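Everything on this sheet refers to the single structure shown next.
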Amino acid sequence: MTISTTDSLTVNALTVDQRIIVPLDVPTAEAALRLIDSLPQVSFWKVGLELFISAGPGMLQELKARDKRIFLDLKLHDIPNTMAGACAAATRYGVDILTLHASAGQMGLAAALSAAQAESAAQNLPLPLIVAVTLLTSISAEALATELRVPLKPEAYVLQMAQMTQDVGLGGVVCSPQEVSQLRRFLPPDFALVCPGVRPTWASTNDQQRTLTPAQALQAGATYLVIGRPITASPDPAAAFQRICDECATALN
Ligand code: C5P
């Protein structure tokens, strides 16, 4: 089995601040650049569908020019041939983490990984860490059963998707912090678990429902934390980022 984690993204080598990814949840390149430049301490930024569609790949070049790491969160879901082409193109951008949906199936995931591997070898670029979304946290147990007609509880479905993702050789999954402990029992330490839905005790939960604190999520075995509004909506974003890093470092020592 191949783990697509690149050397530079090996979990053990990461410091706490390198494990915190801040989402650029803004609609324009100008707003994104203001945020990036106001938080020079943040080394890892997430570009999602809204910003990528509105600002285009130039946003990725701006991040590269600032020597930042990029989590390109496009949640790809298509036929294998299209997944392969999209993953090869994302590899050419030099992104560090790329997301796709596990429900695209084994063939789609395998095609995506092979294409990224071939492109990184051909262009002498690092292989992105490719992680799969197991189940959108917006899908309730009821919707899974009655709309999607999946005869499994969400926890069992998430584990099934994560194990399939690992069998194919991808590097990790995106999951709720509440799922980390269970997944860690079945998956090796170098299989990345990327968690949004994380909230410090001192921050508002906003619209996130079942949260853990950053320290709890890392202690449970999360690899990366995606933390937005507790930092970006804080009156002092730099201090909020530092406080989260300090709390995590204390908990992990
Ligand atoms: O501001 P907040 O910390 O809630 O931001 C979390 C980020 O993670 C947002 O970009 C959100 O879209 C993303 N995300 C999430 N839940 C998921 C998948 C992604 O909150 N299940």
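The values are calculated or read from the model by the stated rules, or taken from the named source; none is laboratory data. Computed from a prediction, not measured in an experiment: that's the story for all the values here. Virtual Cβ from ideal backbone geometry, glycine too; neighbours counted across all protein chains shown. Surface accessibility is based on the protein's heavy atoms, side chains included, excluding ligands, DNA and RNA. Shrake-Rupley method; radii C 1.70, N 1.55, O 1.52, S 1.80 Å.
Summing -39500 (n - 2.57) over the DSSP H runs of n ≥ 4 in the chain and dividing by its residue number, what mean residue ellipticity at 222 nm do you reach, to the nearest 500 deg cm²/dmol?
Value at 222 nm, helices only, nearest 500: -13000 deg cm²/dmol.
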Evaluate E = 1/(1 + (r/R0)^6) for Ala239 and Ala145, where r is the Cβ-Cβ distance and R0 equals 45 Å; express this FRET efficiency to the nearest 0.05. 0.55
Accessible-area ranking of Arg243, Arg19, Arg34, largest first, probe 1.4 Å: Arg34, Arg243, Arg19
State the percentage of accessible surface on the chain attributable to carbon and sulfur atoms; use a 1.4 Å probe and exclude ligands, DNA and RNA. 51 percent
List the lysines whose alpha-carbon lies under 20 Å from that of Lys75, not counting same-chain residues fewer than 8 positions away? Lys46
Probe 1.4 Å, heavy atoms of protein chains only: per residue, the accessible area of the range 5-252 in Å² is 44 Å²
For the chain: rounded, prolate or oblate by the Cα gyration tensor [a/c cutoff 1.5]: rounded
Mean-square fluctuation check for the chain, GNM, Cα pairs under 10 Å: which of Thr232, Thr223, Thr82 is largest? Thr82
GNM top mover of Thr205, Thr91, Thr99 - the chain, alpha-carbon springs below 10 Å: Thr205
Starting from 0.36 nm per residue, how many nanometres of slack lie between Phe52 and Ala65 once their C-alpha separation is accounted for? 3.0 nm
Whole angstrom only: what separates the Cα centroid of the range 23-45 from the Cα centroid of the range 180-204? 24 Å
Give me the extension gain from Lys153 to Asp190: residue separation times 0.36 nm, minus the current Cα-Cα distance, reported in nm with one decimal. 10.7 nm
Considering only DSSP states other than H, G, I, E and B, which GluC sites (Glu not before Pro) in the range 145-253 qualify as loop sites with at most 13 other Cβ atoms within 10 Å? Glu147
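Give the residue list of trypsin sites (Lys or Arg not before Pro) in the range 50-135 that are DSSP loop and have at most 13 other beta-carbon atoms within 10 angstrom.
Details: sites: Lys64, Arg66, Lys68, Arg69, Lys75, Arg92; in loops: Arg66, Lys68.
Passing sites in the range 50-135 are Arg66.
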Among Leu135, Leu35, Leu98, which one shows the highest mean-square fluctuation when the chain is modelled as a Gaussian network with alpha-carbon springs under 10 Å? Leu35
Within the range 190-210, the residues whose backbone N lies under 16 Å from a label point placed 7 Å from the Cα of Thr250 along the Cα-to-Cβ direction are 200-203
